[in-house]
Amino acid sequence: MKPVIHFLGDHCTSCIKCVKSCPTEAISIINGKVVIDDAHCIHCHVCVQSCQHKQLRIREVNLEKAFQQHEYNIALIPTSILSDFQKFDELKDFVYAIKEFHFDEVVQYSDIEGQLYQQALQDSLNSSQVMLTSFCPTINRLIKQEYPTLIDHLLPYDYPVEIAAKRLREKYKGKDIGIFSLCECVGKLTLAKEPLGKMDSQIDYALSISRMFPHFNKRKGKGKEEMTINADGIKSNVSDLFGDHRLSVMSVEGLSQIRMVLDLIEFDQLKHIQLIALYHCYQGCIGGYYLWNNPFEGRFRIESMVSQCDAPAVALKHNEYFKKRRVNEQKQTFKERMAWFHKVNAILETLPQYDCGSCGFANCRSLAMRIASGEVDDSLCRVKKKVK
């Protein structure tokens, strides 16, 4: 897959805010250039938000070219978009506007989310360990990279948007369709062939909703398109609404809180909980970076419309939603890993360990690892140079 975030570099001041903000230490600044280690990047977009000079950008689709590629274009819209409207009828107005903008069909997949929501509650009841559910690519990538021992705790479900796209492929078999996913966050932008090159995806193109909003806004007020939403699908998207108070279910939002919970589970310190829903964004998916209204009001808006969301959940076969997640096999032997650990520690002992970030790395250990791999040398350490 292509790198998600790219560096423009025109007006970078090497302020290291992106370096310090990165939760996985995937960013460094070498020779005045921001370098993102895609192997450690979890696509959380925190660095993009922290850059005052807008030197980090998410890759985008060439829309004009994309629309011309297919005979029939379909837009997949997320359930979380409902939080941006004050009344349910506004969604119908918005869907009509989407169709007016080069789309032949608009599909909503809350019925799939609702089914997987119920499936998660059921599957966790039969488990002897704490189970995790997350349809956030950022959180799943975090678990895969930093908590590989917890992969078996993660319910083996495919992403609802991918399932929806797969069902559309079956429905229009033999027809040249283009499937566009309108995304509320950066994480979901990674679930498509374009612009990031995830070639095993059923989705052709991923677009940010905020990018499309001006086009849709021009076409609003001209008509309404019927659209139904599943109430359980809403619950799966909003952290405060997830679960049932009668069950041992909880939701956790934000990377720092999620790390705390994952640490507790890893050391078997979390008892009496059967299922935990994990969300990177505040209030769940309604806190997505690309939604134009704030999640504080969105939480109340979306709850006020739940009673109007009476669409039934879809019946899914096991092979439609089952997807076992696996971690990459460790290429190093235990002996090699220990040798690497000792090498890095030996270099770290020669550094001041102030973790000031002036070298362009998040901390001294990150610099020591790059020195150990031969990519840089200790001349980048300004504190050490001063002492000399």
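Taking 19 Å as the straight-line reach from the Cα of LYS220, the aspartates and glutamates in range (excluding those fewer than 8 positions away in the same chain) are ASP84, ASP89, GLU90, ASP93, GLU100, ASP104, GLU105. Looking at segment 77-135, the trypsin sites (Lys or Arg not before Pro) that sit in a DSSP loop and have at most 16 other Cβ atoms within 10 Å of their own Cβ are LYS87. Summing charges over all other residues whose Cβ lies under 11 Å from the Cβ of GLY284, with Lys and Arg as +1 and Asp and Glu as -1, gives -1.
Each part reduced to its alpha carbon centroid, segment 358-381 and segment 258-337 end up 34 Å apart. A full extension of the chain between ILE151 and PHE334 corresponds to an added length of 63.8 nm, given 0.36 nm per residue minus the alpha carbon distance. Largest GNM mean-square fluctuation among SER128, SER14, SER256, using the chain with Cα springs under 10 Å: SER128. Residues whose amide H comes within less than 5 Å of that of TYR157, counting only those at least five positions distant or on another chain, are LYS323 (H built at 1.01 Å from N in the peptide plane). Rounded to 0.05, the FRET efficiency of the ASP310 and ASP200 pair, given R0 = 30 Å and the Cβ-Cβ distance, is 0.30. Of the GluC sites (Glu not before Pro) found in segment 1-74, those in coil by DSSP whose Cβ has at most 14 other Cβ atoms within 10 Å are GLU60, GLU71. Comparing HIS280, HIS70, HIS342 in a Gaussian network model of the chain, where Cα atoms under 10 Å apart are tied by springs, the biggest mean-square fluctuation is seen for HIS342.
Full extension from PHE101 to ILE30: what is 0.36 nm times the residue separation minus their Cα-Cα distance, to one decimal in nm?
21.3 nm
In this simple spin-label approximation, HIS272 and ARG169 carry label points 7 Å from Cα along the Cα→Cβ vector, and these lie 4.5 nm apart. Shown in residue order for segment 224-235 are the 3J(HN,Hα) couplings computed by the Karplus curve 6.51 cos²θ - 1.76 cosθ + 1.60 at θ = phi - 60°: 10, 10, 4, 8, 10, 10, 8, 4, 5, x, 5, 4 Hz (x for Gly and Pro). Applying 1/(1 + (r/R0)^6) with r as the Cβ-Cβ distance of HIS40 and ASN62 and R0 = 25 angstrom yields a FRET efficiency of 0.30. Of the labelled figures (1) 61, 40, 39; (2) 72, 52, 42; (3) 119, 49, 35, only one reflects Cα extents along the principal axes in Å as derived from the coordinates, namely (2). Over the chain, calculate the relative contact order: mean separation of alpha carbon pairs under 8 Å at least 6 apart, over the residue count, as a percent. That works out to 22 percent. Of all aspartates and glutamates in the structure, the ones whose alpha carbon falls short of 16 Å from that of LYS54, not counting any fewer than 8 places away in one chain, are ASP10. In terms of distances greater than 28 angstrom between alpha carbons, the cross-link table entries LYS235/LYS271; LYS193/LYS323; LYS33/LYS218 yield LYS33/LYS218. Straight-line reach from LYS317: taking Cα to Cα under 17 Å and skipping same-chain neighbours fewer than 8 places apart, the lysines in range are LYS166, LYS171.
Of the residues TYR289, TYR117, TYR96, ranked by 1.4 Å probe accessible area with the largest first, the sequence reads TYR289, TYR96, TYR117.
For segment 93-142 and segment 149-188, what is the separation of their Cα centres, given in Å? Segment 93-142 and segment 149-188 have Cα centres spaced 9 Å from each other. Rolling a 1.4 Å probe over the protein heavy atoms gives the chain an accessible area of 49 Å² per residue.
Once backbone amide H atoms are built at 1.01 Å from N, VAL106 has ALA75 as its partners under 5 Å, excluding neighbours fewer than 5 places away on the same chain.
Taking label positions 7 Å along the Cα-Cβ direction at both LEU247 and PHE296, the computed distance is 3.2 nm, reported to one decimal.
The values are calculated or read from the model by the stated rules, or taken from the named source; none is laboratory data. Because the structure is a prediction, the values reported are computed rather than measured. A quick note on method: Cβ atoms are made from the backbone with ideal geometry, for glycine too, and the neighbour counts reach across all protein chains shown. With ligands, DNA and RNA removed, areas are computed over all heavy atoms of the protein, side chains included. Shrake-Rupley method; radii C 1.70, N 1.55, O 1.52, S 1.80 Å.
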